[in-house]
Amino acid sequence: MNSPFLRKALPHFIAIIAFLLVSVVYNKTAFESKVLNQSDVVSYTAMSKQSKDYKAKYGTYPLWTESMFSGMPAYNIAMDGKSKISINYLYYLFNLGLPNPVFYFFLACISFYILAQVFRLNVWLSALGSLAFAYCSFNPILLATGHETELLAICFMPGVIAGVLMLLQGKYLYGTAVTVLFFGLEVYTQHLQIVYYTGIMVGIILFVYLLNTWKEKKYIHLLIAYSLVAFSLIIGLLNYALTLLPTKEYATETMRGGKSELTQADSKNKTKGGLDKDYAFSWSYGIQETLTLFVPGMSGGGSLGKEITGSSKFADKLTEVGYPEDYAVSMANSESYWGDQPFTSGPVYLGAIICFLFILGMVYVTSWHKWWILSICIVGIVLAWGKHFSAVNYFLFDHLPYYSKFRAPSMALIMPQLGFPLLGILGLQEFLFSEESKEKISMKFKKVLFISGGLVLLSLLIFLMSDFKSANDSQVKERFVSSVLPQIAQGKQPTPEMQQQANQVVSGWMSALQEDRKSIFQADLLRSVVLVLLAAGLMFFYLRRKMKPVYLMVSLLLLSSFDLLAEGKKYLNEDNYIEPENLEAQFNLTDADLKINADPEKNFRVFDQGNGGDPFANPHASYYHNSIGGYHPAKLALYDDLIQRQLRKGNLQVYNMLNTKYIIQHPQGSQKEVAMLNPNAFGSCWLVSDIHFVNNADEEMAALDSIHVRDTAIVEKLYKDRIPFLPQKDSLASIHLIENLNDKITYGFKSGTNQFAVFSEIYYDKGWNAYLDGNPAPYCRVNYVLRGMSVPAGEHTIEFRFEPKSYIMGNQLSVWAAILTYLILIIAGLQLLGLIQKKR
């Protein structure tokens, strides 16, 4: 231990081990051969099954999947590059082979700890901030729901900020290496909304730094630092150009790109080239609800939480009428939320002590860092308000580049999630180690107490003025009434008197539910106030010289961590884990699946109505079959138009042209799903005798209601030049599918006259190329979503190959970016080793 380097490194090694131990203990169930039961992971398992099976057979993922929405690009489902040269391997350096979800919390701690060390903060303070960032309630909630890529992107976010700050400090080589590494790995997650927010934070930092240093005339430094920031971010992006370029191209054709060609689809809340505002801003955090950052239960709880574990007036009401106690408590928790969002899995809680320390930082920190940290916190909160602050957010949605592609504004609270603990520990550093006089430090502390008292008073006023009612309560009440009425009627026809009696019973339930919500708010407010008082008391003792700095730091670390870990456990606990076989059992073959899989034809589609809910938001059928439904947050806009205008209203002709051979149903009173054969499905391809030309997309969609598309193709005049001749009658003409390999589909054709073929495959001209006997051939969009092609007389082989140029170019760029990244990291590593040798 005589080495100066080892003496300096030891505390950091201890901190890293501590992070690991906390994560292991917090997630100890993960080591009991159990897995998390995450709804989104279950969905992903179904979505990606076909792609993974394809890779197992052919050695690479397909770029197109047939398993959902009748076919779509698989860029955001499962994909890899053609080259083995990638920075993906660096990801494994961070997870250490730890099981899910242990490594997420560990990685979040390490990433924030690196950021704290860029500020040269005390190890205890760095650990306090790291644990607060990693165990903010949003993180365990994300894991419980299965939003793993989102959390992974959040974990890498502090490392990106650390690299940028190092560049601004003049550490050009190390800053470039850190920024390229962490930003590249963040982009690797493919959660572009978190990447976008990271970019906003970097922009704010650069702007504030420019304002702060402009008068110092450090023009050369500014030029070098800003150039390297831009270079690092570009290289980080290019490391995953193989997904980014195709995704960028694909986005313009999706719901998120506002692609719909139907003029009737426009509305006053439509954004050109983006999502409808009504859809995009559904999950807007309420302005009052923002206080969950300080009091987690101020808007109730969340559908995944366990805010109520003991006494519940609502649960008591349910048990009185025969509901099991566990079910009643579960219902009390699931209906406890009364905030402004449609529903939520749980609140974003940063910690009462972290909020108190954030106020401390606002008062004590005087460096330029305070202003960019405050800015990102304010910007994040304002963005999270979404439609509740529409004057700003609608304008940004319409004018910020690519911002209109994203939804769920509440996600922007990841910005204060990083900013609050960072400014808090910076403030605590100043409080403990400032060279100012004790009198001045004490005066500032009084300001902290006054502001904190104001926050507590505001929370109390909201508590006293709240009615604890939700905008969704009327729907909840109706649902309860419909469940109570049959019990009152006892098999008889319900009378108005019975209806009134059911309403009276449920009104009592709703009053009890509001009392439960009040109790949650009250208990959490009391807890937050007690925590703030404890933190303030400890700091008061320090000012009175009755406590050493290290004891204060350790005490605050323990209090803050205990608070956040306990809150997170309401949403991520032993109940979230199941045996692996139980997870796999969710995809057990049913009798309906067995019947469908026994069909020797294979190349057809399935409509799944058997699982309940929305078949166009349910991925279950995609696990075993090619589905006309499914789940994906960015489906093709043309197909979404078809869903809304034709499939939802049950136009059987449209189902037939999509080759829907089986319909899975769950007959009333039956315990099993059944697969109903649709004998009228058109098949994979067919020849038509006529072409009906229309002027625009609206007419094309409307024509699907009346034109018999088995005999007539509907084509917009826009594509007329791709049809060199009209079909001619030949009773012996034929076309059939030879092979469908996702990215390559082959057909056989034979006719004595010219024909026009319709293929039951989704039209997507950003990569699909048609070939006639190996030579390129034109094709067009027919029936709004399908492909059509003129075929000359004779015997021909027709091929459709998915060959997106964006993927080919992206692969090349990713390889060169990865090589450059490794070179930068090697050079930085060698220089660091040289410095370590000197210090020894």
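The values are calculated or read from the model by the stated rules, or taken from the named source; none is laboratory data. This structure is a prediction, so every number in the text was calculated from the model and none was measured. With ideal geometry, Cβ positions are generated from the backbone for all residues, glycine too; neighbour counts draw on all protein chains shown. The area values use the complete protein model at the heavy-atom level, side chains included, leaving out ligands, DNA and RNA. Shrake-Rupley method; radii C 1.70, N 1.55, O 1.52, S 1.80 Å.
Key figures for this structure:
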| read-out | value |
| --- | --- |
| Within the accessible area of the range 480-547 (1.4 Å probe), percent carbon and sulfur | 57 |
| Extension gain, GLU325 back to ILE578 (0.36 nm per residue minus Cα-Cα distance, nm) | 88.9 nm |
| The chain: calculated mean residue ellipticity at 222 nm from DSSP helix runs of at least 4, using -39500 (n - 2.57) | -17500 deg cm²/dmol |
| Of all accessible heavy-atom area on the range 53-106, the percent that carbon and sulfur account for (1.4 Å) | 57 |
| Folded to 0 to 90 degrees: helix 219-238 orientation relative to the chain principal axis, Cα | 40 |
| Computed FRET value (nearest 0.05) for VAL550 with SER227, which takes r as the C-beta separation and R₀ as 60 Å | 0.90 |
| C-alpha long axis of helix 4-26 to longest principal axis of the chain, angle in ° | 60 |
| Cα-Cα over 21 Å, subset of LYS277/LYS649; LYS370/LYS405; LYS49/LYS595; LYS744/LYS766; LYS477/LYS649 | LYS277/LYS649; LYS370/LYS405; LYS477/LYS649 |
| Accessible heavy-atom area order of GLU148, GLU439, GLU32, highest first, probe of 1.4 Å | GLU439, GLU32, GLU148 |
| Dipole magnitude (debye, nearest 20) for the chain, charges at Cβ of Lys, Arg, Asp, Glu | 3460 |
| Cα-derived Rg over Rh, computed across the range 170-243 with Rh taken as Kirkwood radius | 1.02 |
| Most to least accessible of TYR337, TYR188 (protein chains only, probe 1.4 Å) | TYR188, TYR337 |
| Share of pairwise Cα separations in the range 598-704, more than 16 Å, in percent | 63 |
| Crossing angle, helix 414-433 versus the chain [Cα axis fit, 0-90 degrees, rounded to tens] | 10 |
| Theoretical FRET efficiency, 1/(1+(r/R0)^6), r = Cβ-Cβ of SER734 and ASN588, R0 35 Å, to 0.05 | 0.30 |
| Selection from SER312, SER284, GLY302, by position along the positive dipole direction of the range 274-324 (Cβ) | SER312 |
| Computed label-point distance, nm, for sites ALA793 and ARG648 using a 7 Å Cα→Cβ extension | 4.8 |
| For the range 498-569 and the range 167-206, distance of Cα centres in Å | 35 |
| LEU835, LEU513, reordered so the largest accessible area comes first (probe 1.4 Å) | LEU835, LEU513 |
| Options ALA828, VAL785, PHE800, ranked by Cα towards positive dipole end of the range 766-830, top entry (Cβ charges) | ALA828 |
| Charge-dipole axis of the range 689-827 as Lys and Arg at +1 and Asp and Glu at -1 on Cβ define it, positive-most pick from GLY774, ASN740, GLN812 | GLN812 |
| Label zone at ASP53, where the point sits 7 Å out along the Cα-to-Cβ direction: the range 74-110 residues whose backbone N lies under 16 Å | 78 |
| FRET efficiency estimate (nearest 0.05) - Cβ-Cβ, LEU93 to PHE343, R0 45 angstrom | 0.75 |
| Amide N of the range 781-796 lying under 12 Å from the label point, which is placed 7 angstrom from the Cα of THR753 along Cα→Cβ | 793 |
| Inter-site label distance for ASN775 and GLU436 at 7 Å from Cα along Cβ, in nm | 8.3 |
| Length gained when the stretch ASN597-LEU726 is fully extended (0.36 nm per residue, less Cα-Cα span) | 42.6 nm |
| For the range 550-643, radius of gyration divided by Kirkwood radius, i.e. Rg to Rh on alpha-carbons | 1.28 |
| Per residue, in Å², the accessible surface of the chain once ligands and nucleic acids are set aside, probe 1.4 Å | 43 |
| Stretchable slack from THR366 to LYS447, in nm (0.36 nm times residue separation minus alpha-carbon distance) | 27.7 nm |
| Taking the convex hull of Cα positions in the chain, its mean projected area over all directions (nm²) | 41.0 |
